[in-house]
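Visitor: This structure is in structure tokens; I'll ask about it shortly.
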Amino acid sequence: MGMLTFPIASKPEFGLPMKVEEGIFLLKMPIPYALDHINLWLLRDGEGWTIIDSGFYSEEATLLWNKVLVDFCHNEPIQKIIITHFHPDHVGMAQWLAHKTNAPVHMSQIEFLTTQMACQEYSKQQKARRREYFERFGLAQEDIQQLQDKVGGYVTGVPEAPTSYQRLVDGQSLLINGEPWHLLQFNGHSPGHICLHNKQRDLLVSGDQILPNISPNVSVNFYESDADPLADYLSSLDTLATLGADTVVLPSHGRIFKGIKERATMLKEGHRKSLDQILAFCQQARSGLEVLHMLYGKRLSLFNLSLATGEAMAHLNYLIGTGEVTRSGDLVYQYKTN
């Protein structure tokens, strides 16, 4: 199988836009996670610029953005702020930028609405539902309590949700600098993630939907606990794999790469391996937590424990959907291979 290739040798530095192609620049910004960066994109757009994704809000990021808008964009108008999806490292500074530049924010409707929800405090009922979700999965009470008390990324990373937006719609095109960018909307990593495909130039701004060296988190949320996001995610990979071999992928994390079909295959194989491990492990009934430990080990930070819970649940729900696993039990779910 062909390997991925990385067409750009030089490494970008934080806050210094790097040219990728005519009129397209990568802007690397810091984020406060183990994954320490996000790639944002600056595109020439007529007399001004279009920004794709905004970064995680911080003092450092505001300083870097102020510098970019003055030194790089020369205070030229920002025409559009496009947000691929609602996660804090993508949407975090969207409203700050909109306020500063008067540019409209463009998102899919479901991502706009999900951002609004993510920026609200949980109600008492939501907290109770979330606790029940963790309990049924088999998490220990002390871990559940810590997860309940944890301050989420939206509190710090997204001080303000966008107050208004223009809707991006799957299958439509958006003109940037007179060039059409075809919009592809996917579920799996988030409910209505937008990728932008410039067919003329064979470029794909992929957000987190497909990344060169990590697998994006595919999680079940407490408020939709029977969802099957993995089925959606795998089907998105099938769609992305139909793009040409010469497509240059501009991802939100990691390096610009070619080989989208190979990467989609690798990601699918990774999930298939996890599914097969679960089927073997659940020959006898297991709790969600036991499955999580088998897949990801026992030494997880609180942040990773919450991601791993959602991800393990996604794999289990997928296998329930295919009829390969049965879920029983009321207080703590038990999963058993059929």
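Visitor: Suppose we keep only residues that are part of a helix (DSSP H, G or I) and among the hydroxyl-bearing types (Ser, Thr, Tyr) within segment 146-165. Which one would you say is most open to solvent (accessible area, probe 1.4 Å)?
Guide: 156
Visitor: Which strands (runs of 3 or more DSSP E) sit wholly inside segment 1-80 and have at least 1 residues that are under 20 Å from residue 203 (Cβ atoms) and of a type in the set (Phe, Trp, Tyr)?
Guide: Per the criteria, 24-30, 37-45, 48-52.
Visitor: Within segment 70-111, which residues are basic (Lys, Arg) and either open to solvent by less than 10 Å² (accessible area, probe 1.4 Å) or within 21 Å of residue 183 (Cα to Cα) (or both)?
Guide: 80
Visitor: Six or more apart or on different chains, Cβ atoms under 8 Å: show the pairs whose first residue is in segment 177-195 and charged (D, E, K, R) and whose second is surrounded by fewer than 19 Cβ atoms within 10 Å (Cβ to Cβ) and at pLDDT 95 or above.
Guide: From segment 177-195, the pairs are 179/200; 179/201.
Visitor: Can you spot a residue in segment 189-200 that is over 19 Å from the mean Cα position of the chain (by Cα) and surrounded by fewer than 15 Cβ atoms within 10 Å (Cβ to Cβ)?
Guide: Taking every residue of segment 189-200 in turn, at least one turns out to be over 19 Å from the mean Cα position of the chain (by Cα) and surrounded by fewer than 15 Cβ atoms within 10 Å (Cβ to Cβ).
Visitor: Follow-up question, since we're still on this one. Note down all Cβ pairs under 7 Å where the first residue falls in segment 269-298 and is among the polar types (S, T, N, Q), the second is part of a loop (DSSP other than H, G, I, E, B) and surrounded by 14 or more Cβ atoms within 10 Å (Cβ to Cβ), and they're at least six residues apart or on different chains.
Guide: 287/138; 287/333
Yes or no, residue by residue, for (1) under 19 Å from the mean Cα position of the chain (by Cα); (2) within 22 Å of residue 86 (Cα to Cα); (3) among the polar types (S, T, N, Q):
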site	(1), (2), (3)
136	no, no, no
141	no, no, yes
153	yes, yes, no
161	yes, yes, no
164	no, yes, yes
167	yes, yes, no
185	yes, yes, yes
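Visitor: May I ask you to list the residues in segment 226-272 that are under 14 Å from residue 208 (Cα atoms) and surrounded by fewer than 17 Cβ atoms within 10 Å (Cβ to Cβ)?
Guide: If the condition is that a residue be under 14 Å from residue 208 (Cα atoms) and surrounded by fewer than 17 Cβ atoms within 10 Å (Cβ to Cβ), then 254 is the only one that fits.
Visitor: Quick one: in segment 112-145, of everything that is in contact (Cβ under 8 Å) with a residue 60 or more places away in the chain and closer than 20 Å to residue 88 by Cβ, which residue is surrounded by the fewest Cβ atoms within 10 Å (Cβ to Cβ)?
Guide: Only one residue fits best here, namely 126.
Visitor: Just the residues that are in a helix (DSSP H, G or I), charged (D, E, K, R) and either touching a Phe, Trp or Tyr at 6+ places or on another chain (Cβ under 7 Å) or more than 26 Å from residue 148 (Cβ to Cβ) (or both), please, taken from segment 219-236.
Guide: 232
Visitor: Sticking with this structure for a sec: Out of (1) under 22 Å from residue 182 (Cα atoms); (2) crowded, with 22+ Cβ neighbours inside 10 Å; (3) out of contact with any Asp or Glu (no Cβ under 7 Å at 6 or more places or on another chain), the odd one out for residue 65 is which?
Guide: The failed condition is (1).
The values are calculated or read from the model by the stated rules, or taken from the named source; none is laboratory data. Values in this document were obtained by computation on a predicted structure and should not be read as measured data. Using ideal geometry, Cβ is built from the backbone for each residue, glycine included, and neighbour counts are taken over all protein chains shown. Please note that ligands, DNA and RNA were not included when accessible areas were found on the heavy atoms of the full protein model with its side chains. Shrake-Rupley method; radii C 1.70, N 1.55, O 1.52, S 1.80 Å.
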